[in-house]
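To keep things clear, I will list the structure first and then write my remarks on it.
Read-outs throughout are calculated quantities, based only on the coordinates presented, and are distinct from any laboratory measurement. A quick note: this is a predicted structure, and the numbers were derived from the prediction, not measured. Quick reminder, even Gly has a Cβ in these numbers, built from the backbone with ideal geometry, and neighbours come from all protein chains shown.
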Amino acid sequence: MKPSIPVIAIDGPSASGKGTVAQAVAKALGFHFLDSGSLYRLVALAALNSGSPWSDEKALAELASKLDVKFRDGLIILNNQDVTESIRSEACGEGASRVGAVPGVRDALLQRQRAFRQPPGLVADGRDMGTVVFADAPLKIYLTAGVETRAERRHKQLKQKGIAATLPLLLRDLQERDLRDMSRAAAPLKPSPDAHLLDTTAMSAEAATEQVLTWYRGLREK
Ligand code: DC
């Protein structure tokens, strides 16, 4: 742990827009960015590739501890293959939520996430950034939006990528994923008691980014 290096922890449910906001905040401050969900998506992809069932917790933890991944120039390389796009599939998102419930997987990914804490600072996006991984972060945000709004945002994103999806199915998948992420025993999704709550249902990503930057500047002035 390097407590002197500031971390802005941004947690929240799927499709809340936290990835967009976290990246914009990191860019504005010149900070590093950790998309912790990508690590869980990578474990899910490795499990799908190796045929390991979601019930085999030992095999999943082993895959997580041996993950051969490189983050290079905005690309994600797993076992020398560019998987930047493929881990964004709904299958990997759903798998990530399943492997994320396995304590051995979470333990195996802990140090890998903390290694992103480098000068001048880090913006970390996930489910347990403020509660577990960077519990000492000076600024924590719990970013959310109504589930219908999130389903519509995800629908728009997928449409832009030319991926077919129906709104009722996306809504059901999001509700299932929220329930799994919030009710698991290991590091469940919940706001840290010291987090700022930010509901973006009726807020643009730009306005949400500005709000986070305002909170951060306020902290610096103290
Ligand atoms: O942020 P995302 O949609 O890429 O995350 C996909 C899944 O990964 C999410 O549903 C739960 C899991 N996850 C987690 O358990 N802990 C994190 N810090 C980030 C993601």
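Can you report the number of residues in the range 48-84 which are of a type in the set (Asp, Glu) and touching a strand residue (DSSP E or B) at 6+ places or on another chain (Cβ under 9 Å)?
Within the range 48-84, residues that are of a type in the set (Asp, Glu) and touching a strand residue (DSSP E or B) at 6+ places or on another chain (Cβ under 9 Å) number 2.
Can you tell me how many residues in the range 49-59 are within 14 Å of the ligand (Cβ to nearest atom) and either hydroxyl-bearing (Ser, Thr, Tyr) or part of a helix (DSSP H, G or I) (or both)?
Count: 0.
Look at THR84 and say whether it is polar (S, T, N, Q) and either closer than 18 Å to VAL21 by Cβ or part of a helix (DSSP H, G or I) (or both).
Judged against the criteria, THR84 is not a match.
For (1) without any contact (Cβ under 8 Å) to a residue 12 or more places away in the chain; (2) within 13 Å of the ligand (Cβ to nearest atom); (3) among the acidic types (Asp, Glu); (4) in contact with a Leu (Cβ under 9 Å, 6 or more places away or on another chain), each residue gets a yes or a no:
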position	(1), (2), (3), (4)
ASP128	no, yes, yes, yes
ASP136	no, no, yes, no
LEU139	no, no, no, yes
ALA151	no, no, no, yes
LEU169	yes, no, no, no
LEU174	no, yes, no, no
ASP181	no, yes, yes, yes
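Consider LYS27 carefully, then state whether it is without any contact (Cβ under 8 Å) to a residue 24 or more places away in the chain, basic (Lys, Arg), away from the ligand (no atom under 14 Å from the Cβ) and in a strand (DSSP E or B).
When the stated conditions are applied, LYS27 does not pass them.
Name the residues in the range 1-14 that are under 10 Å from the mean Cα position of the chain (by Cα) and assigned to a loop (DSSP other than H, G, I, E, B), would you?
The answer is GLY12, PRO13, SER14.
Within the range 95-111, can you find the residues that are of a type outside the set (A, V, I, L, M, F, W, C), in a helix (DSSP H, G or I) and buried (at least 16 other Cβ atoms within 10 Å of the Cβ)?
Correct list: GLY95, SER97, ARG98, GLY104, ARG106.
Can you go through ALA205, ALA151, ALA195, ALA187 and tell me which one is crowded, with 18+ Cβ neighbours inside 10 Å and farther than 22 Å from ARG98 by Cα? Walk me through it before giving the result.
Values: ALA205 fails: crowded, with 18+ Cβ neighbours inside 10 Å; ALA151 fails: farther than 22 Å from ARG98 by Cα; ALA187 fails: farther than 22 Å from ARG98 by Cα.
Result of the check over ALA205, ALA151, ALA195, ALA187: ALA195.
Here is a yes/no grid of residues against (1) among the aliphatic types (A, V, I, L, M); (2) under 15 Å from the mean Cα position of the chain (by Cα):
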site	(1), (2)
VAL132	yes, yes
ALA135	yes, no
TYR142	no, yes
ILE163	yes, no
GLN211	no, no
ARG217	no, no
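Being part of a strand (DSSP E or B) and of a type outside the set (D, E, K, R) is the filter; apply it to the range 187-222 and report the residue that is farthest from LYS140 (Cα to Cα).
So, considering only residues that are part of a strand (DSSP E or B) and of a type outside the set (D, E, K, R), the one farthest from LYS140 (Cα to Cα) is LEU198.
Residues being within 13 Å of GLY104 (Cβ to Cβ) and of a type in the set (Val, Ile, Thr): count how many of those fall in the range 39-73.
Total meeting the criteria: 1.
Pull out all pairs, ordered by first then second residue, where Cβ-Cβ is under 6 Å, the residues are six or more apart or on different chains, the first lies in the range 10-21 and is of a type in the set (Asp, Glu), and the second is more than 8 Å from the ligand (Cβ to nearest atom).
Hits for this filter: ASP11/GLY130; ASP11/TYR142.
Run down LEU67, LEU48 and say which single residue is more than 22 Å from LEU189 (Cα to Cα) and over 19 Å from the mean Cα position of the chain (by Cα).
Checking each option against the conditions leaves just LEU48.
Report the residue count in the range 89-119 for those that are within 8 Å of the ligand (Cβ to nearest atom) and basic (Lys, Arg).
1
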